[in-house]
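> Dropping a structure here in structure tokens format, bear with me for questions.
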Amino acid sequence: MSQAYVEPLTYLELYSRRKAFVNISWRHPPAHSWYRSEGPGAAIRFKGDRKDQTALDRLTSGHLKTLRFSRGDKKFNICTKCNMIEATPQHLSDCVALVYDDLLKRPDFVLEVMKENDLMDLI
């Protein structure tokens, strides 16, 4: 049984194929939750003071003040409201009965709820 000889691809052919693949993947962004906002800087469109804008941006991105890395793992402080679980952005919103869409559509309400529950020091 003889196999047909296939010439190896040249550098330009490999580059062209890879570039085409990358271009196709950029046309369809992933369906992550952070892509649901209208664009980057959603917190900047919020007309509050800079401290509140920063808090909203931290909640949206997940990079809270209390975030630490230990051996490549994310570590958060314990939630000061329930004192049971790490204060991840998801837990903070669950702890005060908010959903992610509230953060995008009603940022002033989210900040008010976080302030009332004394959670701003974790954000």
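Every read-out reported here was derived from the displayed coordinates using simple, explicitly stated rules and does not represent laboratory data. Just so it is clear, the structure is predicted and the values come from calculations on it, not from any experiment. When we count neighbours, we look across all protein chains shown, and the Cβ atoms used for this are built from the backbone with ideal geometry, even at glycine.
> Between LEU12, LEU103, LEU67, find the one with the highest GNM mean-square fluctuation for the chain; connect C-alpha pairs within less than 10 Å.
LEU12
> Gaussian network model of the chain, Cα springs within a sub-10 Å range: biggest mean-square fluctuation belongs to which of ARG68, ARG17, ARG58?
In this elastic network of the chain, the residue with the biggest mean-square fluctuation among ARG68, ARG17, ARG58 is ARG17.
> Additional query: Please build a GNM for the chain, connecting alpha carbons under 10 Å apart, and tell me which residue among LEU56, LEU14, LEU92 fluctuates the most.
Maximum among the listed residues: LEU14.
> For the pair MET84 and ARG45, what calculated FRET efficiency results from E = 1/(1 + (r/R0)^6), where r is the Cβ-Cβ distance and R0 = 35 Å, to the nearest 0.05?
My answer for the efficiency is 0.50.
> Between LYS105 and LEU14, with labels modelled 7 Å along Cα→Cβ, what's the label distance in nm to one decimal, could you check?
Each label point lies 7 Å from its Cα, and together they span 5.0 nm.
> Using only the C-alpha atoms of segment 45-117, find the volume of their convex hull and express it per residue in Å³.
91 Å³
> Tell me, what is the percent relative contact order of segment 47-91, built from C-alpha pairs under 8 Å that lie six or more residues apart? Before the final figure, lay out the partial values.
Working: 31 pairs, mean separation 11.4, N = 45.
After rounding, I find 25 percent.
> So what's the projected area for the chain, the Cα convex hull averaged over all directions, in nm²?
13.7 nm²
> Lysine pairs in the chain 8 or more apart or on different chains: how many have alpha carbons under 25 angstrom apart?
Pairs that pass both the separation and distance tests number 19.
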